[in-house]
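Q: Questions regarding the structure given below will be posed in turn.
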Amino acid sequence: WKRYYITNKDKIKERTRQWRLANKDRANAKTARWVAANRERVREIARNWCHRNPAKVRENWLRKYGLTIESYGALLEIQDGRCAICKRTPEEANSTNNRLAVDHDKQTGQTRGLLCTGCNVSLGRFTDNLEWLERASNYIKEGGTVMASMVVIRCIASVDKYKEGVVYVVRNDV
């Protein structure tokens, strides 16, 4: 079989291609079964392909956001190679792969700019909720902690009368 395959490789590939075209559902089901049974092998194949084709990986990553390598480069130039929020370079911000992530509006898909990993993850955790972002900004402006400005006064003076469920009064006026 091996010698036959080597001498007829092109014929076999073409016959397989023709069969797959004529039997798409069966071919897809067969592939799905193989992928399910060989998850680790599939990951290894994908990892190896990514290492061999970094330019294609980057192109595919940018295409996801409607960008080309040229448009990413132009956006990077407009932002002076820095994050749109913190103004640090990817190296200064310790960004993944020393590159800036493409930030986009999750509802419209519109690209907004390039962000370092830290800013992109932080913004993502706020799920583009402007109210939450404003609250976070106010929280930091006001000192960052609620506990620093609170005084807890125990209602019952004697320690021997302490028990669970005792009500404490919390004041924010200090």
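The values are calculated or read from the model by the stated rules, or taken from the named source; none is laboratory data. Remember, predicted model here, so these are calculated numbers, not experimental data. Note that we place each Cβ from the backbone using ideal geometry, even for glycine, and neighbour counts take in every protein chain shown. The accessibility values were calculated without ligands, DNA or RNA, using every heavy atom of the protein model including side chains. Shrake-Rupley method; radii C 1.70, N 1.55, O 1.52, S 1.80 Å.
Q: Answer rounded, prolate or oblate for the stretch 1-155, using the Cα gyration tensor with square roots of eigenvalues a ≥ b ≥ c: rounded when a/c is under 1.5, else prolate when a/b is larger than b/c, else oblate.
A: prolate
Q: Average projected area of the Cα convex hull of the stretch 1-81, in nm²?
A: 8.8 nm²
Q: Using amide H atoms built in the peptide plane, which far-off residues or other-chain residues are under 5 Å from ASP103 H to H?
A: For ASP103, the qualifying residues are ARG112, GLY113, LEU114, LEU115.
Q: When only the heavy atoms of the protein chains count and the probe is 1.4 Å, how do ILE85, ILE45 rank by accessible area, highest first?
A: My answer, sorted largest first, is ILE85, ILE45.
Q: Given labels modelled 7 Å from the Cα in the Cβ direction, how far is it in nm from VAL35 to LYS141?
A: Rounded to a tenth, the inter-label distance reads 4.9 nm.
Q: Whole-Hz ³J(HN,Hα) for each residue in the stretch 91-106, computed from phi via Karplus 6.51 cos²θ - 1.76 cosθ + 1.60 with θ = phi - 60°, x for glycine and proline: what do you get?
A: 5, 5, 8, 6, 6, 4, 6, 6, 9, 8, 7, 7, 8, 9, 6, 5
Q: Before I look further, what does the stretch 1-144 give for accessible area per residue, probe 1.4 Å, in whole square angstrom?
A: I get 79 Å² per residue for this part.
Q: Compute the projected area of the convex hull of the Cα atoms of the stretch 67-126, averaged over all viewing directions, and report it in nm² to one decimal place.
A: Here the figure is 4.0 nm², rounded to one decimal.
Q: Please report, as a whole percent, how much of the solvent-accessible surface of the stretch 8-141 comes from carbon and sulfur atoms (probe radius 1.4 Å).
A: Heavy-atom surface of the stretch 8-141 belonging to carbon and sulfur, 1.4 Å probe: 52 percent.
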